[in-house]
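Novice: One structure is given below, represented as structure tokens, and several questions about it will come after.
The values are calculated or read from the model by the stated rules, or taken from the named source; none is laboratory data. Note that the structure is a prediction, hence the values are computed from the model and not measured. Here Cβ is always computed from backbone atoms with ideal geometry, including for glycine, and neighbour counts include all displayed protein chains.
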Amino acid sequence: MPDVRFDKYYGYEDLTRILHAYAQEFPTLVGIESIGKSYENRDIWLLTVTNFATGTGSQKPAFWVDGNIHAEEVAASSV
């Protein structure tokens, strides 16, 4: 399990490491993919959380959550 603290804000590199760690530790429940590039040419990560044994995420009802839409809204990444 990635060591995630909730008393600090993480930068892009740390968030990327944390997201990939979740996908690596829980491959039957968490998938990660890049859905594009930011203005600064950084990957925009999409995490799919589902039970892949019962089908892909696109085959089931979904709940979309996003964060860090604006550069100064850093609290969303911690949530």
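Novice: Any residue at all in segment 49-66 that's assigned to a strand (DSSP E or B), in contact (Cβ under 8 Å) with a residue 12 or more places away in the chain and touching an Asp or Glu at 6+ places or on another chain (Cβ under 6 Å)?
Specialist: No, segment 49-66 contains no residue that is assigned to a strand (DSSP E or B), in contact (Cβ under 8 Å) with a residue 12 or more places away in the chain and touching an Asp or Glu at 6+ places or on another chain (Cβ under 6 Å).
Novice: How many residues does segment 50-74 hold that are at pLDDT 90 or above, β-branched (V, I, T) and in contact with a helix residue (DSSP H, G or I) (Cβ under 8 Å, 6 or more places away or on another chain)?
Specialist: The number of residues fulfilling the criteria is 1.
Novice: Can you pull out every residue in segment 10-24 that is among the hydroxyl-bearing types (S, T, Y) and either surrounded by 15 or more Cβ atoms within 10 Å (Cβ to Cβ) or over 21 Å from G67 (Cα atoms) (or both)?
Specialist: Of everything in segment 10-24, those that are among the hydroxyl-bearing types (S, T, Y) and either surrounded by 15 or more Cβ atoms within 10 Å (Cβ to Cβ) or over 21 Å from G67 (Cα atoms) (or both) turn out to be Y10, T16, Y22.
Novice: Would you be able to tell me the number of residues in segment 3-34 that are of a type in the set (D, E) and closer than 13 Å to L47 by Cα?
Specialist: 1
Novice: Sort out which residues of segment 25-40 are surrounded by 10 or more Cβ atoms within 10 Å (Cβ to Cβ) and β-branched (V, I, T), and write them in order of number.
Specialist: Scanning segment 25-40 gives V30, I32.
Conditions (1) in contact (Cβ under 8 Å) with a residue 24 or more places away in the chain; (2) assigned to a helix (DSSP H, G or I); (3) of a type in the set (S, T, Y), marked per residue:
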{"residue": "D3", "(1), (2), (3)": "no, no, no"}
{"residue": "L15", "(1), (2), (3)": "yes, yes, no"}
{"residue": "I18", "(1), (2), (3)": "no, yes, no"}
{"residue": "A23", "(1), (2), (3)": "yes, yes, no"}
{"residue": "T28", "(1), (2), (3)": "yes, no, yes"}
{"residue": "I32", "(1), (2), (3)": "no, no, no"}
{"residue": "I35", "(1), (2), (3)": "no, no, no"}
{"residue": "N41", "(1), (2), (3)": "no, no, no"}
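Novice: Oh, and also: Here is a list of conditions, (1) more than 15 Å from the chain's Cα centre (by Cα); (2) at pLDDT below 85; (3) surrounded by 10 or more Cβ atoms within 10 Å (Cβ to Cβ); (4) not hydrophobic (A, V, I, L, M, F, W, C), and S77 meets all of them except one; can you say which number that is?
Specialist: (1)
Novice: Counting just the residues of segment 25-47 that are in contact with a strand residue (DSSP E or B) (Cβ under 7 Å, 6 or more places away or on another chain) and of a type in the set (S, T, Y), which one comes out nearest to V65 (Cα to Cα)?
Specialist: Taking the candidates together, the pick is S34.
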